[in-house]
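One structure is given here, and the rest of the page talks about it.
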Amino acid sequence: MQAVFDQQDLLHEAVRDVMGRPFPALETSADIDSAYKLLTLANAAILVTENERPVGVVTRQDVIMFLSTATA
């Protein structure tokens, strides 16, 4: 996103040249506390896996929504 903000022309670049570090991964069976800890360590999202295959992405917003509805 910083490259887009800096108005760099990315349309002709390879994905590998502009991608950042990978998101951490958690299995679907992991507890929400593990996700919370990863998201507070400067990770914008977590790759969710099942049997080591990606099945989704959890963001900070997802955890905030879950915690706000779980306590209501």
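Any read-out appearing in this document is the output of simple, stated calculations on the displayed coordinates, not a laboratory observation. All figures in this text were calculated on a predicted structure; none of them were measured in a lab. For neighbour counting, all protein chains shown are included, and Cβ atoms are generated from backbone atoms with ideal geometry for every residue, glycine included.
Just a few scattered comments:
- Folded to 0 to 90 degrees: helix 60-70 orientation relative to the chain principal axis, Cα: 20
- Per-residue ellipticity at 222 nm, computed for the chain from helices alone with -39500 (n - 2.57) per DSSP H run of at least four residues, works out to -9000 deg cm²/dmol.
- Rounded to 5, the percent of DSSP beta bridges in region 22-72 classed as antiparallel: 65
- The modelled label-to-label distance between residue 50 and residue 25, using points 7 Å beyond Cα along the C-beta direction, is 1.5 nm.
- Calculated over the chain: convex hull of Cα atoms, volume per residue (Å³): 121
- Among 14, 25, 45, the largest mean-square fluctuation in a Gaussian network model of the chain, built with springs joining Cα atoms closer than 10 Å, belongs to 14.
- Cβ-Cβ FRET estimate between residue 11 and residue 61, R0 fixed at 35 Å, reported to 0.05: 0.80
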